[in-house]
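See below for the structure under consideration.
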Amino acid sequence: MRLREAWLPLLLLAALGIAPLAGFAASYEMTLMARMMILAMAAVSLSFLVGGAGLASLGHAACLGVGAYAVVILDAHGITDALRVLPAAIGAASAFALLTGAIAIRTSGVHFIMITLAFGQMAFFTAASLSAYGGDDGTTLYSRTELAGTRLLENRLVFHYICLGALALTWAACAMLLASRFGRVLRAARENAQRVEAVGLAPYPFRLVGYVIAGGFGGVAGFLLANATEFVSPAILSWQRSGELLFMVILGGVGRLWGAILGALVFVLLETWLAELTPHWKIIFGPLLVVSVLLLRGGLSSLVAPRHG
Amino acid sequence: MTAQLLLVQVLNGLQLGILLFLVAAGLTLVFGVMDFINLAHGVQYMLGAYLGAWLAAAAGSFWWGLLLALPAALAAGLVLEVLVFRHLYARDHLSQVLATFGVILFLNEGVKLLWGASPLQVPIPPLLAGGIEIMPGLQYPIYRIAVLAAGIATAGGLWFLVDRTRAGMLVRAGATNAAMVSALGVDIGRLFTMVFAFGAMLAGFAGVLAGPIFSVEPGMGDNVLILAFVVIVIGGIGSIRGAFLAALLVGLIDTLGKSLMPDVMRLFLDASPARQTGAALASMLVYIAMAAILAFRPAGLFPVRAG
Amino acid sequence: MAEPLLRLADLRKHYGGLAVTDGVSLDVMPGEIHAVIGPNGAGKTTLIHEITGLVAPDSGQVVFAGRDITRLSRPARVRAGLARTFQITNVVAGFSALENVALAAQARVGSSFRFFRAATSEVALNEAALAVLAEVGLADRATVLAGALSHGEKRALEMAAALATRPRLLLLDEPLAGAGPEETARLIALLTRLKAAYTILLVEHDMQAVFALADRISVLVYGRIIATGTVAEIRGNAEVRAAYLGEDDA
């Protein structure tokens, strides 16, 4: 990634950092921004998979869901400290990614899309059958996860900056991974798996590790989402949510990690604005999505920063 | 579980399988011939159900509803193909997934706007009301048997069409090698449109049939879509025969799993956790089956394309 | 007599009733450039697949450096020292020429499961890659995207990637296919230079190139090796002339 290209995402992150201090501190504004940042984080990790490794998963929301359910399930069993809950959320989401990825990555192309979709559904139905945790209706998280014994996460401002930090960290980490030797293999295999084999490397283990890493970041996003909404239901891991995440990635532009941040922000703003116009906002949003796919080939990020050469 | 109950569940499973086949047939042809992944195929099933319900209520007869809903579903498929889908054939799968996802959002919300969010009830046509005794002391609804028969008849007709006619030969050739068919001078664009509209009509037909059994509601196509995807992935993309066998398999696994799993779990667990784990496992069963099949045959049971 | 570096022992592969590889035995000796020629449909492609691991033979053995690799995966064969180039150009188009070769270099040295450091800033990898690029005459094209290279340059780049794995045997699958006269001349010059340092199994259609480069030639017809020998022996072999060269002379 050229640093010259990074001004926009850095500007976005800075704006999110300043916003609460610059008068956008009302409850609904903070909620909206937390949602943006968390979904952006999930979208960045998905972009790492789609744009980096060429693995177009239509089941990424399942990792979010596993992370979020880890929070409420542990909470119900009296485990409420982030120092234990967060690793559990990451571990559970990564383990889910490992188990499903081990099979899904054996396939490619459309098969991969459909299989990740099916595994996502599997997670969805499992969540819906957890009657101890609300089944279809979901369950409320009565108090946010503690942080080393304190109730810091209840503080809106602290939570805001934790989300911002997590987003920045996810972006930086995914960018670092893609630039590393490991990422080089992933990127090469996305374009030409045969070439990677011809130099003596099997793409499979690299892809699987990438899939697990993205799942882990998804788990962090799920942990934050559960704490942001203080409510978890199967809807969090529905396939529509996976589709939305994929849309954020494409809207922002595949092949640029920060495009996913832009995509997520625009998505959440659009969704909020349309929902204020009409309860049937999806009837506008659907065609908008179609049109953006048909017309915006390189995504929003290519409008802001066209690729040279 | 008694043998009678088991028989009922097997029949229910076959009947779900047949409905899945009608949806999956269009999906697998569209994918096989055009290399086009159409998430909106499920909402075409939903649209069929709504059109059937609405037209039946308006005309006062299920049969008129069925008769009118088929061309309406076909027309809806044509409109979608012309407006949206044909612009996507040359694009990558990801773009196709997203654009058709947009169509789903639109149509799910659209039917909510037109017919309300609450489910519509479709009465069973009087001709097929009631049950018949399939075993001593065991009644089974005639309508469900009729659905099964209609589905099998359609599957037979489809087999004839694809396997024995010139149009079907083109479709099969297209599924194996679209470039070659195009090079032989066949208007591939028209073939695509025809296959697409036909697939939409089949899905709509399944929707109309499903109306009196399941409730007609927004989003009803989504679960069917995903099961249909499972079916075509298991069957081998582009293969009608694979779709048929896989649809029956998935229908049976899903139905029997849901009725048997809680009982099976009772062998290991107490009543309440057994019900919960059983239900969870039952919902996962088809996906587990798919994963198991793909682990050994990544291209499905009857792969059409070589390599 | 020295041990062969690569030995194919009675390889057989049937597709339905058709024997595509019908008892092929062949030795590639260390240091030689051994060419396999044969008319279209002779089963050259399948034979390459069996050597590189894309297709498993029904029976027979592929022995490389004294080790049976018949069931080894494709990447594992490359790691064992059997590198290849492809009939149809095969590079990572979105990578620079340097990064294409650096990928091969990193596959050879140490683990590719390294997550923290930018790969492009690894001096050792870049230097190794640059050295190989210089070997094939592409040093001044290192920063160009592989997709933007000319056909002949892509061919050379592929050879560079193969060389960067430090192979004991180079399998070149029709390296001259699709090259114009000028590119062909340059590639033959390159192959002549490589010949001094590497053992090469060359599958090629261009007879003139094969006769100019090869130490020994094996002729594959209908899945069988009908003759193996020096250039002079093959030129003089009546069976070969009838089955193969005869067509060209006509």
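The values are calculated or read from the model by the stated rules, or taken from the named source; none is laboratory data. It should be emphasised that the depicted structure is a prediction, and the values quoted were computed from it without experimental measurement. Glycine also receives a Cβ, built like all others from the backbone with ideal geometry; neighbour counts cover every protein chain displayed.
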Taking into account only those residues within region A:196-210 that are touching a helix residue (DSSP H, G or I) at 6+ places or on another chain (Cβ under 8 Å) and touching a residue at least 24 places away in the same chain (Cβ under 8 Å), which is farthest from A:Ala61 (Cα to Cα)?
A:Phe206
Name the residues in region C:7-40 that are surrounded by fewer than 16 Cβ atoms within 10 Å (Cβ to Cβ) and closer than 14 Å to C:Val219 by Cβ, would you?
C:Ser25, C:Asn40
For region C:140-250, give me every one of the helices (runs of 4 or more DSSP H) that falls completely inside it and has 3 or more residues that are closer than 24 Å to C:Pro4 by Cβ.
C:151-164, C:181-195, C:207-213, C:231-236
How many residues are at pLDDT below 90 and either touching a strand residue (DSSP E or B) at 6+ places or on another chain (Cβ under 8 Å) or not assigned by TED's automatic domain parsing to the domain that holds C:Thr228 (or both) if we restrict to region C:205-214?
2
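What are the residues in region A:122-176 that are of a type in the set (S, T, N, Q) and either more than 23 Å from A:Ile79 (Cα to Cα) or not in a helix (DSSP H, G or I) (or both), if any?
A:Ser129, A:Thr139, A:Thr140, A:Ser143, A:Thr145, A:Thr150, A:Asn155, A:Thr170
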Of the residues that sit in region B:272-298 and are small (Gly, Ala, Ser) and at the interface with chain A (Cβ under 8 Å from one of its Cβ atoms), which one is nearest to B:Gly251 (Cα to Cα)?
B:Ser283
Kindly list, by first and then second residue, each pair from a residue in region A:124-153 that is basic (Lys, Arg) to a residue that is assigned to a loop (DSSP other than H, G, I, E, B) and surrounded by 20 or more Cβ atoms within 10 Å (Cβ to Cβ), limited to pairs with Cβ atoms under 8 Å and residues at least 6 apart or on different chains.
A:Arg151/A:Arg144
Evaluation of C:Leu133 against (1) at the interface with chain A (Cβ under 8 Å from one of its Cβ atoms); (2) crowded, with 18+ Cβ neighbours inside 10 Å; (3) within 18 Å of the chain's Cα centre (by Cα) (one fails), failing number
(1)
From the list C:Ala146, C:Ala162, pick out the single residue that is buried (at least 22 other Cβ atoms within 10 Å of the Cβ), within 14 Å of chain A (Cβ to nearest Cβ) and without any contact (Cβ under 8 Å) to a residue 60 or more places away in the chain.
C:Ala146
Is there a residue being among the hydroxyl-bearing types (Ser, Thr, Tyr) and crowded, with 22+ Cβ neighbours inside 10 Å anywhere in region B:90-99?
no
Among all residue pairs at least 6 apart or on different chains, which show Cβ distances below 7 Å where the first residue, located in region B:214-235, is more than 21 Å from B:Pro119 (Cβ to Cβ) and the second is surrounded by fewer than 21 Cβ atoms within 10 Å (Cβ to Cβ)?
B:Val233/A:His111; B:Ile234/B:Ile293; B:Ile234/B:Leu301; B:Gly235/B:Leu245; B:Gly235/B:Leu301; B:Gly235/B:Phe302
Looking only at region A:184-202, count every residue that is at negative phi and facing chain C (nearest Cβ under 7 Å) and tell me the total.
12
Filter region C:84-130 for residues that are of a type in the set (A, V, I, L, M, F, W, C), facing another protein chain (nearest Cβ under 8 Å) and either in a loop (DSSP other than H, G, I, E, B) or on the phi > 0 side of the Ramachandran plot (or both) and give the result.
C:Phe86, C:Val91, C:Val92, C:Ala93, C:Phe95, C:Phe113, C:Phe115, C:Phe116
Take region A:45-102 and flag every residue that is among the hydroxyl-bearing types (Ser, Thr, Tyr) and in contact with a strand residue (DSSP E or B) (Cβ under 9 Å, 6 or more places away or on another chain).
A:Tyr69, A:Thr80
Considering region A:211-244 alone, what residues qualify as being acidic (Asp, Glu) and under 19 Å from A:Leu58 (Cα atoms)?
A:Glu244
Taking region A:89-116 and keeping only residues that are facing chain B (nearest Cβ under 10 Å), assigned to a helix (DSSP H, G or I), touching a residue at least 24 places away in the same chain (Cβ under 8 Å) and surrounded by fewer than 19 Cβ atoms within 10 Å (Cβ to Cβ), one is left with A:Ala102
Would region A:221-242 turn up any residue that is within 14 Å of chain C (Cβ to nearest Cβ) and either within 25 Å of A:Arg297 (Cβ to Cβ) or surrounded by 24 or more Cβ atoms within 10 Å (Cβ to Cβ) (or both)?
no
For region A:285-309, which positions are surrounded by 17 or more Cβ atoms within 10 Å (Cβ to Cβ) and β-branched (Val, Ile, Thr)?
A:Val290, A:Val293, A:Val304
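Which helices (runs of 4 or more DSSP H) sit wholly inside region A:177-269 and have at least 2 residues that are of a type outside the set (S, T, N, Q) and within 23 Å of A:Pro9 (Cβ to Cβ)?
Ranges flagged: A:181-191, A:203-229, A:239-252.
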Quick one: is C:Thr184 within 26 Å of C:Thr21 (Cβ to Cβ) and assigned by TED's automatic domain parsing to the domain that holds C:Gly43?
no
Of the numbered conditions (1) at pLDDT below 90; (2) within 24 Å of B:Trp115 (Cβ to Cβ), B:Val33 fails exactly one; give the number of that condition.
(2)
Top-ranked residue in region A:117-132 [being within 7 Å of another protein chain (Cβ to nearest Cβ) and among the aromatic types (Phe, Trp, Tyr); ranked as surrounded by the most Cβ atoms within 10 Å (Cβ to Cβ)]
A:Phe119
Out of (1) within 14 Å of A:Met41 (Cα to Cα); (2) among the hydrophobic types (A, V, I, L, M, F, W, C); (3) at pLDDT below 90, what's the single condition that is false for A:Leu246?
(3)
Which one is nearest to A:Leu169 (Cα to Cα) among residues in region A:260-280 that are away from every other protein chain (no Cβ under 14 Å) and touching a Leu at 6+ places or on another chain (Cβ under 9 Å)?
A:Ile261
Looking at region A:67-80, can you tell me whether even one residue there is outside any helix (DSSP H, G or I) and crowded, with 24+ Cβ neighbours inside 10 Å?
no
